[in-house]
1. Among Ser221, Ser84, Ser105, which one moves the most in a GNM of the chain with springs linking Cα atoms closer than 10 Å?
2. From the phi of every residue in region 219-230, what ³J(HN,Hα) in whole Hz does the Karplus formula 6.51 cos²θ - 1.76 cosθ + 1.60 yield, where θ is phi - 60° and glycine or proline is x?
3. At R0 = 25 Å, how high is the FRET efficiency between Ser67 and Asp110 if r is their beta carbon distance? Nearest 0.05 is fine.
4. Out of all Cα-Cα pairs in the chain, roughly what percent, to the nearest whole number, are more than 30 Å apart?
5. Amide H neighbours of Ile208 under 5 Å, at least 5 residues apart or on other chains, H built in the peptide plane: list them.
6. Taking each full run of DSSP H in the chain as one helix, which ones are at least 27 Å long along their axis (Cα atoms) and have mean Kyte-Doolittle hydropathy of at least 0.5?
7. Can you check what the net charge comes to around Asp113, using other residues whose Cβ is under 13 Å from the Cβ of Asp113 (Lys, Arg +1; Asp, Glu -1)?
8. Take peptides 134-147, 88-101 and line them up by average Cβ neighbours within 10 Å, highest first, as a rough protection proxy.
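Each value in this text was obtained by applying a stated rule to the coordinates, not by laboratory testing. The shown structure was predicted, so the numbers you read here are calculated from the model rather than taken from an experiment. Every residue, glycine as well, gets a Cβ built from its backbone with ideal geometry; the counts of neighbours run over all protein chains shown.
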Amino acid sequence: MTQDRSRDRIQSVERAVAVLRAFGGHDATSSVSELATRVALPRPVVRRILLTFEHIGYVRSENGRWSLTARILELGAGYFAASSLAEIAQPAMADIVARTGETCSIGELDLPDVIHVARVEERRPLPDAVRVGTRLPAHATAVGRVLLAELPEEELESYLSRPREAYTPATLVDADGLRRHLRDVRLRGFDLSIEELHPGMIAAAVPITVDGRAVAGLTVSSTTLRSNAALLEQAVVPLLADAAERIAREFRAANPGRFRA
């Protein structure tokens, strides 16, 4: 568990970051009132934060609506450097897409969600398709559960103590049932999700493990019209496992200071 350092935190910075994050997953533009509601802050506070970000070029205002500018991409540039997991994984992900004809993604755990940090698609994405930066509930996705399965026991039990939403009749939300499922996932090294987040959507995932620690999950998603659980396990999971090992080796080699000798 992360040590509590609340006395060292700067509240104004936390509020500013919350306003930036409030733009994610919503319409391209937002009003001050909409943003204030999302972050549960007074409108004058949110307005001053927006004016500050406008001054340094991260947001713009037009007709009372606020939006992010391209400059905001500077904040993520370091993550997508040549030594980043997303950059290193691209060739392996493209190979999986070419061999399966399905979409391949990488997700990182950010409880209670998993954030998609890389994605390669074989087909033109649908309007509501998952994109880089999208957050999905960890318990309802295969990629989320392969990462939950690798959590330290104390952290996992803390997560399981909180309620979870059922998105379809197949979503596993019960703490005891999820605990047993995660134990099985850890033993077999992969997971399948069959219509647990959206009807008709299925996926397989494996962890990307470096020095015994899962740094991310690698997943292939499909639909019940194109695939099924047996096909995913027999044809896709072995490809994911091989790719995850390759990505892990290259990621470790590209970041020698991050991992132990």
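1. Ser84
2. Whole-Hz 3J(HN,Hα) from phi for region 219-230: 9, 10, 10, 8, 10, 5, 6, 10, 8, 8, 4, 5.
3. 0.55
4. I get 37 percent for the Cα pairs in the chain exceeding 30 Å.
5. Residues meeting the amide H criterion: Val215, Ala216, Gly217, Leu218.
6. Within the chain not a single helix satisfies the rule.
7. Residues near Asp113 contribute +2 overall.
8. Result, highest mean Cβ count within 10 Å first: 134-147, 88-101.
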